[in-house]
Amino acid sequence: MDPLAAIRDTFFQECEEQLAELESGLLAMEGGDQDPETINAVFRAVHSIKGGAGAFQLESLIRFAHVFETALDEMRSGRLAASADVLKTMLRAADVLADLVSSARAGQEGGHPQQAALSDELKAMSGAAGADDDGGEEDWGDFEFQPMSAAVDLPADTPPARAFVVRFKPRADLYAKANEAALLLRELTRLGDSNVELDTSEVPLLTDIDPEAAYLTWTVTVSGDTDELAIREVFEFVDGDCELSVEAQGASEGAGETGLDIGALLARVQADAIPTIETAPDEPFELEAPAPPPVADLAPVAPPPLSVVSPAAEVHPEPLAANQARKTEAGATIRVDLDRVDRLIDLVGELVINQAVLAQRVMEAGLARASAVAMGLDELEQLTREIQDSVMAIRAQPVKSVFQRMPRLVREVAAMTGKPVRLVTEGEATEVDKTVIERLADPLTHMIRNAIDHGLESPEKRAAAGKPAEGVVKLAAMHRSGRIVIEVSDDGGGINRERVKGIAIEKGLIAADATLSDEEIDNLIFMPGFSTAAEVSDISGRGVGMDVVRRSIQALGGRINITSKPGKGSTFTMSLPLTLAVLDGMVVSVEGQTLVAPITAIIETLQPKAEDVHSLGGHARVISIRGGFVPLIDVGMALGYRATPLAASDGVALLIEGEGGARAALFVDAIQGQRQVVIKSLEANYRQVPGVAAATILGDGRVALILDIDTIVAVSRGEMRKAG
Amino acid sequence: MSMTVLTVDDSRTMREMLRLALADAGFRVVQAEDGIHGLEVLQAEAPQVIVTDINMPRMDGFGFIEEVRGDPKHRAIPILVLTTESDAEKKNRARMAGATGWIVKPFNPDKLVDAIRRVAA
Amino acid sequence: MSNTTLTLAESLDMNAAAPLLQALKDKRGKPLSVDASQVRRLGGQCLQVLLSAQATWATDGQPFEIAEASPEFTDGIALMGASQLAAQSTVQDLTQ
C-alpha cells in the first residue's frame, strides 16, 4: 500500500479516537469535571485533527478545526467560562467536526451546512483574541513551501555579485539551546564566496573565562548570488539569541579578493563538495499536493503577525496527580493485525478440541480417574481453558467505543422530539468481543431512539405526573454469569399495555380473546409487523421495528426482553455471549448423526404425545402446546437424512424461537446433552450448506453440524404452505 | 553511520509521517508518544537530534525540552519543535524552554530534513 | 623539559567546554602541545577556551602549539576564522 494512503488511514482512525475523546471530555465538563487535564485533552483532540487535516490539505476540516481550537484554547486559558451554554455549542461543534471528518474520509470536501453558523458562534465566543486570529485560514494557506535555503537559486531580481557584511555575535543562550555558531557559519558561508573574520578581543584569560559564556564576534562578508533574506534565514532559529546585523555592500566588492584566505577558500571547496541536498527549490518533494507559489513576505526578523496574547495565557500547570493518573491509564499497548489474532483463536479452538478428543480416548482406555495420566489431563484441560479465555480476551474491547456514539444520538433525538433528555451510562469498561461490539451499534441506536421517542413522555405530561422535565435514559453494561448484559432503560411512562394489546389484536397477531400476562403483552412489541403506522414517527420509525432489533441480537446468540412498570418506565435487557467463537449448544442425534442446536434459541424441550401431533397432509405436522399450535419440523427430513418422518412418540421436540420470534418445534431423535462447542466455519472449510450454520468437532472426534435454526424454520414454512 | 532522530508526538498520524519523511532521508528514527516516554527513550538511545510536538498528554513539549536541557547527559542535543505558523506564543515558550529551532506544521519533508541538517553537526 | 601534551576529545561541543577548560588550567605554567588529531567536531565555546588558552600561554611566556590536527579541526577553525589556531601539521586522511 502506498505509504501515504496508509498514513491517511491512520489519520482517520485516529480522528475517530480523537472525536470520541473530544465528546467524552466535553460531556465530563458538562457534568462538572474541572480537571485541567480534561480540557487539555479536549483541546489536544481538536488540535491533532487539525494537524493531520493540514497534512492532507482537507481545507474545510482545517478551517473549522482551527476556529474550534481557538475557542477551546480560550476556555483552556480561563478566558472563556465553561458554562452550560458554551459547552452545548462545543458539543454541537464536535458533531459538525465529526461530520466533516466523515465527509473528508469519503473524499467529499464540501463543508457542512452548519459549519458557517457554528464557526461564527465559536468566533463570537473566542471574543477579541479570537477575532484577531481570524486569519487562521491564511495561516494555513501559506505554510506550503518556503524554501529554507532560499539561497540556492533565487529569482534574479537581486543584482548578482553583491556582497553582504554580516556581523554575528552569539549570546550564551544560543549555545544553551544547542545551537552552534560553527554550524551557522557553515550555513552562511555556503551562500556564496565568504570571508570570515573573527574578533577575539573579548575572550578573557583562562582564569576568568566562563566556558559556557559567549565572547566571540564574527564578521562575514558573503558575495555572490544571494540576498539578505537568505542570510537572515540562516539565523532564523537564533533570532534573539545573538546580535546580528546584515549590511549590503556595493556590487562585486566581495571578499575572496583578500589574497590567500583559508576560510573563504575552504568554504568554497566545501560548498562545491557538498552534495546538493535541496535540489531545486521549485521542485520540492512534498507529502502534500502541489504547492502554491512561495509567499514573498517571510522576513524572519519581523515579529510574526499575531494577536496580542494576554499574560493570562499561561497554561495551568498540570497537577501531578492528574499526570500520574494518566500515566497508569496509558498502559503499554501494541497493535496487532486482526487476522493474526483470529488465526490464534482458531488454533486455540483446535487445541480445545484436541484436548477433548484426548480426554475421551483416555476415558475409553479405561484409565482410572485418579491415574497420573487422567490427572495430568485434567490440568491440561484447565490450562487449555485459560489459554482460550486469554486469547478471547485479546479480541475483547470495552463497550465504551459503542456507548460513546450514543450521546450525540441522544442530543439529536432530544432536539427533534423537543424532550430534554439526560443520558446516563454505566459499565463502559465492560469488555466483549469486537464483533459483538460492532454489531451492537445498530440495535442500541434503535433502542435509544425508541426510548426517547416512545418511552419518555412529553415535558407537559412529565410535569403532570410530578416528574422532572428532563427525562433520563440509562445505558448500562455488566458481566453476568459468563455473558454480557446490556440494559437500556428510561424513566418514562412504561408500556401502555391496553394500547399494545389493542394493536396486536388489530394486526391479527393475537386472538381477540387471548389472555396474556403483563410480561407477554410487553413482549408483543418484538413481534414482526407490530410497528404500526400510528406508531411510526420520524425518529424511530423508518420501517424498523423492535422485531429487527430482536433479530440482530439473536443473530449474535443473544436474547432480549423487556420489563415495564406503568408510570415508572421500561427496561430492555439484552444478554449476549462474550465471544462468537464458542457456543453453548444442545447436542442431539438425528438418524445416527450428531447435531448441535444453539441453546439461546431453545425455549424448552418436550416429549410429544401422539395425540398432540396433527398432520396437515404431506409430511407437514403441527404440535399443540398449551392450546396453541406450532409447526413440528422433522430435522432428519429437513436435512435430508430420512425420507419419512419419525413417529411422534419416538423423538423429542425442541421448542424454539426463530427469526422474528416465530415459534416452531424441531423434532429430533434424542438429546445427548449440553456443552460448549468451538465453532468452525463450514463456509471457510467446505461450503455453505442450507440449514447448517457451522460445524464443530466433539470430544470423540466426530464432526457435528450446528443447526441454522432460522433457515430450517423458513424452509419448512415454505413446504408447509405448499402442503396446506 | 546514519544519524539517529528521536521524534516525540502523541499523534500516530504525525509519527507515521515523521517516520516516512526521516527514513526516506536516510535517518534512523526512534519514536516516543509523549514527553515522559521521550525521556524514557533517551535512557536507551543517543539521538543526534530530537523533533518534538508541543501538545501532548502526561508531559508536553515544554516540559520535555526543559527536562532534556536540565540533564547534563542530553542537554547538548538539538531539539526542534513542531509548531503551527499561527502560534507565536507557543514558539516563544518553546524557545524559552530551550528549543533549538522549530518546524512549521504541517511540515514539508524537505524542510524538516533541512532543519535537522542545519542544527546537527 | 619536555612539552606537555594535551589530547583533545573527539567532540568539542558545549558539553566539552568546561572539562577542556579544567584540563588546560591543569597544564598551565609549562609549554603545551595540543593534539587535535582526534577531534571530529569543534564548537564555538571550545574554540573560545582554546583561544583563551593560547592568549594565556602567551601572557605566561610559555610556548603553545597545536601540534597535530584532524581535518575536521582544521576545517572548523577555518570556518570560524581562527587561523591563529592553525596546526603545524594536519593529519591527512589518505582515503580522500
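The values are calculated or read from the model by the stated rules, or taken from the named source; none is laboratory data. What you see is a predicted model; the values in this text were computed from it and never measured. Here the Cβ positions follow ideal geometry from the backbone for every residue, glycine too, while neighbour counts run over all protein chains shown. Heavy atoms of the whole protein, side chains included, go into the accessibility calculation; ligands, DNA and RNA do not. Shrake-Rupley method; radii C 1.70, N 1.55, O 1.52, S 1.80 Å.
Descriptive notes on the structure:
- Residue in segment C:6-27 that is of a type in the set (Ser, Thr, Tyr) and free of Cβ contacts under 8 Å to residues at least 24 places away in the same chain present: no
- Restricting A:Thr219, A:Thr200 to those that are surrounded by fewer than 22 Cβ atoms within 10 Å (Cβ to Cβ), among the β-branched types (Val, Ile, Thr), facing another protein chain (nearest Cβ under 10 Å) and touching a Lys or Arg at 6+ places or on another chain (Cβ under 6 Å) reduces the list to A:Thr219.
- Note on segment A:37-77: residues that are under 23 Å from A:Val424 (Cα atoms) and either touching a residue at least 60 places away in the same chain (Cβ under 8 Å) or touching a Cys at 6+ places or on another chain (Cβ under 7 Å) (or both) total 1.
- Filtering B:Leu20, B:Leu80 for residues that are farther than 21 Å from A:Arg8 by Cβ and either of a type outside the set (D, E, K, R) or more than 12 Å from chain A (Cβ to nearest Cβ) (or both) leaves a single hit, B:Leu80.
- Of all residues assigned to segment A:377-394, at least one qualifies as being of a type in the set (S, T, N, Q), out of contact with any Gly (no Cβ under 7 Å at 6 or more places or on another chain) and open to solvent by 50 Å² or more (accessible area, probe 1.4 Å).
- Only one of the listed residues (A:Ala359, A:Ala370, A:Ala374) is open to solvent by 70 Å² or more (accessible area, probe 1.4 Å) and farther than 19 Å from A:Ile679 by Cα. That residue is A:Ala370.
- Odd one out for B:Pro72, checked against (1) facing another protein chain (nearest Cβ under 9 Å); (2) open to solvent by less than 20 Å² (accessible area, probe 1.4 Å); (3) closer than 21 Å to C:Gly44 by Cα: (2)
- Flag if A:Val373 is modelled with pLDDT of 80 or more and closer than 30 Å to A:Leu22 by Cβ: no
- Restricting segment A:67-92 to residues that are closer than 15 Å to B:Asn55 by Cβ and open to solvent by less than 10 Å² (accessible area, probe 1.4 Å) leaves a set whose member that is modelled with the highest pLDDT is A:Phe68.
- Residue in segment A:504-519 that is among the basic types (Lys, Arg) and under 20 Å from A:Ile560 (Cα atoms) present: no
- Any hit, segment A:19-29, residues being within 12 Å of another protein chain (Cβ to nearest Cβ) and either farther than 16 Å from A:Arg76 by Cβ or out of contact with any Ser or Thr (no Cβ under 8 Å at 6 or more places or on another chain) (or both): yes
- When B:Asp34 is tested against (1) open to solvent by 20 Å² or more (accessible area, probe 1.4 Å); (2) under 13 Å from the mean Cα position of the chain (by Cα), just one condition goes unmet, and that condition is (1).
- Residue within segment A:22-31 that is over 30 Å from A:Asp337 (Cα atoms) and open to solvent by less than 10 Å² (accessible area, probe 1.4 Å) present: yes
- Restricting segment B:83-111 to residues that are of a type in the set (A, V, I, L, M) and open to solvent by 20 Å² or more (accessible area, probe 1.4 Å), the residue that is nearest to the other protein chains (Cβ to nearest Cβ): B:Val104
- Counted residues, segment A:208-237 - those being under 52 Å from the mean Cα position of the chain (by Cα) and under 30 Å from C:Thr59 (Cα atoms): 1
- Qualifying residue in segment B:49-56 (condition: more than 24 Å from B:Glu16 (Cβ to Cβ) and more than 7 Å from every other protein chain (Cβ to nearest Cβ)): no
- Residue count for segment A:414-432, restricted to those that are modelled with pLDDT under 85 and surrounded by 18 or more Cβ atoms within 10 Å (Cβ to Cβ): 1
- Hits in segment B:1-31 (condition: of a type in the set (S, T, N, Q), surrounded by fewer than 22 Cβ atoms within 10 Å (Cβ to Cβ) and closer than 21 Å to B:Asn55 by Cβ): B:Gln31
- Of all residues in segment B:53-70, at least one satisfies being of a type in the set (Lys, Arg) and under 20 Å from A:Asp73 (Cα atoms).
- Yes/no for A:Ser537 being closer than 30 Å to A:Gly466 by Cα and modelled with pLDDT under 85: yes
- Test: A:Ala469 is of a type in the set (A, V, I, L, M, F, W, C) and open to solvent by 70 Å² or more (accessible area, probe 1.4 Å): no
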